[in-house]
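Here's the structure we're looking at; comments come further down.
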Ligand SMILES: Nc1ncnc2c1ncn2[C@@H]1O[C@H](COP(=O)(O)OP(=O)(O)O)[C@@H](O)[C@H]1O
Ligand SMILES: [Mg+2]
């Protein structure tokens, strides 16, 4: 099985004034194509930092990162942006929809930057929200907003979906619906990495990795 993501000895340090915070400490992790992995850990354990590095949103201080078989280590920020746009879809806890755009327009946004022509309407259909296409985010429930965000993550047909606490702002029933969407995307072949502090949510994944103080357990 080829690897979707491969981290080798990744350390990430942040300088905060005089202090140095070690958010990740020598993390090595392989995620195979088609896997559904949950990374579980307490607040501050380094989960978001790990996700940002797995998606080439941020660079490690030390160590190497391969995404979809390509080494991200020496890429320029333009090259990283291109790798992300073509390979990775992101889903966040607070949805990060653009308030002045409709649901349909929000789903289309990443396609503008990648100059691809994803079918936003079809993606809304797939998640049962085509009847909300012309609604603004403020006119949608939390669960609906997160489904729109998942459709947006899919617009460039990425191989990998990285989700950071995607159910953190949802009630448990709505959260379960969102997890079911991830499960079905995984069944269609998408590699999914889901980050959560909630062990119950992590159970949807087929493999669970635990992180503590920036180290995998
Ligand atoms: N941009 C940043 N600058 C400084 N410190 C940061 C930054 N991002 C995260 N940290 C620190 O790194 C550690 C891990 O943070 P994070 O990856 O956000 O953890 P989690 O997502 O598990 O809550 C924390 O101690 C946090 O305060
Ligand atoms: Mg976080």
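No lab work stands behind these numbers, since they all come straight from the coordinates. This one's a predicted model, so the numbers in the text were calculated from it and none came from an experiment. Ideal geometry is used to build each Cβ from the backbone, glycine not excepted, and the neighbour counts take in all protein chains shown.
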ask   = Counting just the residues of region 20-48 that are without any contact (Cβ under 8 Å) to a residue 60 or more places away in the chain and within 15 Å of ligand 1 (Cβ to nearest atom), which one comes out nearest to residue 8 (Cα to Cα)?
value = 21
query = Of all residues in region 179-210, how many are within 14 Å of ligand 1 (Cβ to nearest atom) and closer than 22 Å to residue 157 by Cα?
reply = 3
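Considering only region 76-89, I want to know if a residue exists there that is more than 16 Å from ligand 1 (Cβ to nearest atom), surrounded by 20 or more Cβ atoms within 10 Å (Cβ to Cβ) and more than 17 Å from the chain's Cα centre (by Cα).
Here is the first cut: in region 76-89, the ones more than 16 Å from ligand 1 (Cβ to nearest atom) are 76-89.
With surrounded by 20 or more Cβ atoms within 10 Å (Cβ to Cβ) added as a condition, the list becomes 84, 87-89.
Keeping just the survivors that are more than 17 Å from the chain's Cα centre (by Cα) gives none.
No, that holds for no residue.
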ask   = Any idea how many residues of region 169-199 are in a loop (DSSP other than H, G, I, E, B) and under 13 Å from the mean Cα position of the chain (by Cα)?
value = 1
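Condition check ((1) touching a strand residue (DSSP E or B) at 6+ places or on another chain (Cβ under 7 Å); (2) within 16 Å of ligand 2 (Cβ to nearest atom); (3) assigned to a strand (DSSP E or B); (4) farther than 24 Å from residue 181 by Cα) across all residues:
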{"residue": "31", "(1), (2), (3), (4)": "yes, no, yes, no"}
{"residue": "34", "(1), (2), (3), (4)": "yes, no, no, no"}
{"residue": "39", "(1), (2), (3), (4)": "yes, yes, yes, no"}
{"residue": "45", "(1), (2), (3), (4)": "yes, yes, no, yes"}
{"residue": "50", "(1), (2), (3), (4)": "yes, yes, no, no"}
{"residue": "59", "(1), (2), (3), (4)": "no, no, no, yes"}
{"residue": "66", "(1), (2), (3), (4)": "yes, no, yes, yes"}
{"residue": "73", "(1), (2), (3), (4)": "yes, no, no, yes"}
Filter result (more than 12 Å from residue 85 (Cα to Cα) and within 20 Å of the chain's Cα centre (by Cα)) within region 106-117 = 106, 107, 108
inquiry  = Just the residues that are surrounded by 15 or more Cβ atoms within 10 Å (Cβ to Cβ) and within 16 Å of ligand 2 (Cβ to nearest atom), please, taken from region 2-21.
reply    = 12
Residues of region 137-158 satisfying the condition of being assigned to a loop (DSSP other than H, G, I, E, B) and out of contact with any helix residue (DSSP H, G or I) (no Cβ under 8 Å at 6 or more places or on another chain) = 157
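Every residue in region 76-94 that is part of a loop (DSSP other than H, G, I, E, B) and within 16 Å of ligand 2 (Cβ to nearest atom), please.
Filtering region 76-94 down to residues part of a loop (DSSP other than H, G, I, E, B) leaves 76, 92-94.
Scanning region 76-94 gives 92, 93, 94.
Out of region 200-215, which residues are in a helix (DSSP H, G or I) and either away from ligand 2 (no atom under 16 Å from the Cβ) or more than 24 Å from residue 67 (Cα to Cα) (or both)? Break it down stepwise before answering.
Our first condition is that a residue be in a helix (DSSP H, G or I); within region 200-215, this holds for 200-202.
Correct list: 200, 201.
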